[in-house]
Amino acid sequence: MPIGLFFGRIANFVNGELWGKVTDVPWAMVFCTPNILATYHGVCPAGYQPRHPSQLYEAGMEGFLLFFIMLVALRVFRLHERPGLLGAIFLTGYGTFRFIAEIFREPDTPFVGWFSLGMAFSIPMWLGALYLYWYALRPKTAQS
């Protein structure tokens, strides 16, 4: 899953989708290319202000970092021996990294004040992770 998320976020970056908030950081980018102008009939939806490349933040966190965390959990700590635990780690990481990235991303739809709909989507992931942690870490019962 993290590999797919990585390439999906890279595709968002290449396509100029899901750009970040306006900023003055040195690595800020203007998401207005000839392709975007052609796609949107001469209009740049992101405008001409420099913005956070939030797609790259997400590719790094949801793709690379989450892949590394899961790889260590699998290879070093052998957490796959507890069914559900790797899934819980994935949902925890994906929900957390998405929540963090949403701080820098221009929200698609405001939810409540600074809390975006993308942040709200992290909550079911965390709830699913809690269930999987409970399932994976519950005491084993003796079976006859």
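Here, each number is a calculation from the coordinates, and none is a lab measurement. Note that the structure is a prediction, hence the values are computed from the model and not measured. No Cβ is skipped: glycine too gets one built from the backbone with ideal geometry, and neighbour counts run over all protein chains shown.
For the chain, modelled as a Gaussian network with Cα springs under 10 Å, which listed residue fluctuates most, PHE99, PHE77, PHE68? Ranking PHE99, PHE77, PHE68 by mean-square fluctuation puts PHE77 first. Distance between the modelled labels on MET1 and VAL72, one decimal in nanometres: 1.9 nm (7 Å Cα→Cβ projection). Principal axis extents of the Cα atoms in the chain, from largest to smallest and rounded to whole angstrom, are 71, 33, 27. Kindly express, to the nearest 10 degrees and within the range 0 to 90, the angle between helix 66-75's C-alpha long axis and the longest C-alpha principal axis of the chain. It is inclined by approximately 20 degrees. Once the Cα-Cα distance is subtracted from the 0.36 nm per residue extended length, the ASP108 to ALA120 segment shows a gain of 3.1 nm. Axis of helix 85-104 versus longest Cα principal axis of the chain: the two differ by about 20°, to the nearest ten degrees. Database remark: amide H of ARG105 closer than 5 angstrom to the amide H of LYS21 (H placed geometrically; neighbours at sequence offset of 5 or more, or on other chains; Pro and chain starts carry no H).
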